[in-house]
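Here the structure comes first, spelled out in structure tokens, and everything after it is commentary.
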2 protein chains.
Amino acid sequence: MTPVTAVDAVRRSEATLTVRRPDGSVCADTDVLVAQVRHDFAFGNIGFDFVGPAGEEQGAARENVFGGAGPEAAEQLEDLWLEVFNTATLPFYWAGFEPVEGHPDTRRLQATAAWFRDRGVSVKGHPLVWHTLAPDWLRGYSATEVEEVVRLRVRREVTAFAGLVDTWDAINEVVIMPVFANEERQNAITALCRRIGRIPTIRLAFEEARRANPGTTLVLNDFNLSTAYECLIEGVLEAGVRVDAIGLQSHMHQGYWGEERTLEVLERFARYGLPLHWTETTLVSGDLMPPEIVDLNDHQVDSWPSTPEGEERQADEVVRHYRTLLAHPSVQAVTYWGLTDRGAWLGAPAGLVRADGSPKPAYVALRGLVKGDWWLDPTRLRTDGEGRVTVAGWAGDYSVSVGDRSATWQLRPDAPTPVVTLT
Amino acid sequence: MTPVTAVDAVRRSEATLTVRRPDGSVCADTDVLVAQVRHDFAFGNIGFDFVGPAGEEQGAARENVFGGAGPEAAEQLEDLWLEVFNTATLPFYWAGFEPVEGHPDTRRLQATAAWFRDRGVSVKGHPLVWHTLAPDWLRGYSATEVEEVVRLRVRREVTAFAGLVDTWDAINEVVIMPVFANEERQNAITALCRRIGRIPTIRLAFEEARRANPGTTLVLNDFNLSTAYECLIEGVLEAGVRVDAIGLQSHMHQGYWGEERTLEVLERFARYGLPLHWTETTLVSGDLMPPEIVDLNDHQVDSWPSTPEGEERQADEVVRHYRTLLAHPSVQAVTYWGLTDRGAWLGAPAGLVRADGSPKPAYVALRGLVKGDWWLDPTRLRTDGEGRVTVAGWAGDYSVSVGDRSATWQLRPDAPTPVVTLT
């Protein structure tokens, strides 16, 4: 197990905070209360469960085509979600987002994104281009038209969600995209990628998204973490496509990888000097999926229960996985794929919360890291004669207060001497 | 099984040959004897067995570090080799070619290449850059020096063998190159590739070789035929590196792939519009290597005999494999990896000839294709009133003779009306 200190060595830094009174004088030799408010590190989870309820005035009658727990469960999940996570992945699967051409689900998703934003949560859109869940109606276009329709889709979504969605999976699973064959009739995105090539398809997604919102963070995302993805990344970078982060999926329905394999993956993908986003992390609290399954979607079971032993194992593995990932300085985001077993992908007991809404041990354990080991609870400190106090903690937003006056400030390794004025 | 006609449909064409007498008049209404002399299609095999004997005046005392059957066997193998193959792969494994820095085995390899050339055989060099068999002394250089030493090596070999070696594996197995770990101490080429990236390493090899001999055919070669190689190829082509042919290895020590998988590989790699060279083909005539072996080099056995049943199976599979490959128009070369079991790679009974020099059924079967089904034996034809005769056959060199006068000509689909003058 990676010791806790390995994570802290990478994530913790010290700041010397100078506290001033409203009149500008320093708060010398004073007891102050310092507390962390938010992590800079992106602790993510999907926000699919909240698309219905959060956007209900816009689309109450609409089926929740993205999956998720449904409106009745969302209320009890809200606090559990917000207690641990600060970054929500919202679904922009094209076939679900625009089932009828020309009728995208924009307003409902905007409302959902705003709902998260209003609660201090950053929002990520997933994904702009993907062969799976490409709309059937796209097949009605000619090969050259498809490319233009895809460009329009990318521009439309990124433009409509500027200010609400900060990060996009610009394109998903390109390694397999042009040779994807697990479908009865080839989808139009696979045909496009096969015709123009992987790198031009990636360039299309990134360039359109970048043009529509230069400030957004654009992720190249894949589940294939073999040398194939390395080769793809190297080709994309050589071709001059600007990638903001490398997205690595880790759906572990077939079992936890262990530290050694995880470190090996980290090491291979960190060498491009780009931030690593662990975009889709899953660990089940029940039986493991048989190892011979290649496409996880092929595993269909009637019932896949969460078990007491499975829940203990999952809790242990969640802690080990997060500790391993966060001890690597390239990792900037880890997104767990689903809060609850209710409506979970593949029916797997992959949630951190049981279908009945009660937290599993993994939830408690992860909260213990994010809001415990890795968090600064309200702490009384004393300033020196020049109003300075040293605070050690993770990068993020903090508060400082003296009596009923307070201020917020940022702890960042690259700005170690912040100054705040109480108001 | 691919029907014979599928191969012929791709490979055979018709030429209308006009035959003239030495005085320029047409050979009208005359019996002529037409015969094929050489295939344009590259039927290749390794020529390692002949490095010793062919180059003996230059380096008789030198150990045959490249493997191979040894001098005493070469004589009996010569006719068997030349009867079926027209393209020889010679070994330029750096550690063997230049075991002591500054003392490359140039003259012996030049003599061997000339020996083949004098027998009408095209020569291919394998490989210019590869992490396996990188010389130990290369580790003595700094990271930046290694790149320059590699460049010098590429330039030196391509320059010294211009006119003798027409085709080079410019670089070998780049998919695994930067992450190759099956060695106690990391070799210098892996370190280079990891430092500068796969595509810059490929560019280095191709650009130096191209500059040294613009007329040479440069092959990108790999055993990894997964999507990883596709991604690598796409990146290389996007980066503007000119690749003349895609090299595909098919060492089938673990069993024949079958037509379906082979066609799937052909289809995936043909879509780049480049010629496909099947550079290393192996089918064993004994037990199969266990499927769990990942790096074939890890399989070490004391004895690996050729068996009667294995030989029948091998013959069947050789025919099926060649028929499948040659029925695809993108395939321009197929190189079998070894004529004899004597000194064969891994000790495998992969040869077409037994260790005692007797041909296996696979040899007979392959000869039956190359010099039988796919060959035009001397055939009597009659010219029309304008000295024309229609010849159907595979692209290649042909002879035409009338009495004791003869001429050679080429049958090529893109030049269907050749004219020859008998001499």
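Structural remarks
- Across segment A:319-342, a minimum of one residue is classified as without any contact (Cβ under 8 Å) to a residue 60 or more places away in the chain, within 30 Å of A:Thr16 (Cα to Cα) and not β-branched (Val, Ile, Thr).
- Hits in segment B:141-161 (condition: in a helix (DSSP H, G or I), hydrophobic (A, V, I, L, M, F, W, C) and out of contact with any Ser or Thr (no Cβ under 7 Å at 6 or more places or on another chain)): B:Ala143, B:Val146, B:Val149, B:Val150, B:Leu152, B:Val154
- Number of the exception - B:Val294 against (1) touching a strand residue (DSSP E or B) at 6+ places or on another chain (Cβ under 7 Å); (2) within 30 Å of B:Ala181 (Cβ to Cβ); (3) loosely packed, with under 15 Cβ neighbours inside 10 Å; (4) of a type in the set (A, V, I, L, M, F, W, C): (1)
- Put simply, of B:Val391, B:Val419 the only residue that is closer than 10 Å to B:Val19 by Cα and surrounded by 13 or more Cβ atoms within 10 Å (Cβ to Cβ) is B:Val419.
- Counting the residues of segment A:93-118 that are closer than 19 Å to A:Val334 by Cα and outside any helix (DSSP H, G or I) gives 0.
- Leading residue by the ranking (surrounded by the most Cβ atoms within 10 Å (Cβ to Cβ)) among those in segment B:199-238 that are touching an Asp or Glu at 6+ places or on another chain (Cβ under 7 Å) and β-branched (Val, Ile, Thr): B:Val219
- Any hit, segment A:236-255, residues being modelled with pLDDT of 95 or more, assigned by TED's automatic domain parsing to the domain that holds A:Val294 and in contact with a Cys (Cβ under 6 Å, 6 or more places away or on another chain): no
- Enumeration of residues in segment A:15-41 that are touching a residue at least 24 places away in the same chain (Cβ under 8 Å) and of a type in the set (Asp, Glu): A:Asp29, A:Asp31, A:Asp40
- For segment B:399-409, residues that are part of a strand (DSSP E or B) and either small (Gly, Ala, Ser) or touching a helix residue (DSSP H, G or I) at 6+ places or on another chain (Cβ under 7 Å) (or both) total 4.
- Among the residues making up segment B:131-140, those that are away from chain A (no Cβ under 14 Å) and in a loop (DSSP other than H, G, I, E, B) are B:Thr132, B:Leu133, B:Ala134, B:Pro135.
- When B:Val389 is tested against (1) more than 11 Å from B:Gln36 (Cβ to Cβ); (2) touching a Pro at 6+ places or on another chain (Cβ under 9 Å), just one condition goes unmet, and that condition is (2).
- Residue match in segment B:363-373 (condition: touching a residue at least 60 places away in the same chain (Cβ under 8 Å) and crowded, with 23+ Cβ neighbours inside 10 Å): yes
- Picking from residues in segment B:235-270 that are within 14 Å of chain A (Cβ to nearest Cβ) and charged (D, E, K, R), the one that is nearest to B:Pro291 (Cα to Cα) is B:Arg261.
- Residues of segment A:162-200 satisfying the condition of being under 18 Å from the mean Cα position of the chain (by Cα), within 14 Å of chain B (Cβ to nearest Cβ) and outside any loop (DSSP other than H, G, I, E, B): A:Ile171
- Of the criteria (1) in contact with a strand residue (DSSP E or B) (Cβ under 6 Å, 6 or more places away or on another chain); (2) without any contact (Cβ under 8 Å) to a residue 12 or more places away in the chain, which one A:Asp404 fails: (1)
- The residue of segment B:25-39 that is surrounded by the most Cβ atoms within 10 Å (Cβ to Cβ), among those that are part of a loop (DSSP other than H, G, I, E, B) and touching a strand residue (DSSP E or B) at 6+ places or on another chain (Cβ under 8 Å), is B:Cys27.
- Residue that is nearest to the chain's Cα centre (by Cα), among those in segment A:129-152 that are under 16 Å from A:His103 (Cα atoms) and surrounded by 22 or more Cβ atoms within 10 Å (Cβ to Cβ): A:Ala134
- Hits in segment B:206-234 - residues which are more than 14 Å from chain A (Cβ to nearest Cβ), aliphatic (A, V, I, L, M) and under 18 Å from B:Thr279 (Cα atoms): B:Leu218, B:Val219
- When restricted to residues that are free of Cβ contacts under 8 Å to residues at least 24 places away in the same chain and either within 17 Å of B:Val158 (Cβ to Cβ) or in contact with an Asp or Glu (Cβ under 9 Å, 6 or more places away or on another chain) (or both), segment B:69-96 contains 1.
- Test: residue in segment A:227-247 that is among the basic types (Lys, Arg) and over 19 Å from B:Glu234 (Cα atoms): no
- Exactly one residue among B:Gly140, B:Gly120, B:Gly163 is assigned by TED's automatic domain parsing to the domain that holds B:Met177 and under 18 Å from B:Val219 (Cα atoms), and that residue is B:Gly163.
- Scanning segment B:361-398 for residues that are in a strand (DSSP E or B) and of a type in the set (Lys, Arg) turns up B:Arg380, B:Arg382, B:Arg388.
The values are calculated or read from the model by the stated rules, or taken from the named source; none is laboratory data. Here the structure is a predicted model, which means the values were calculated and not measured. Neighbour counts run over all protein chains shown; Cβ positions are idealised from the backbone, glycine included.
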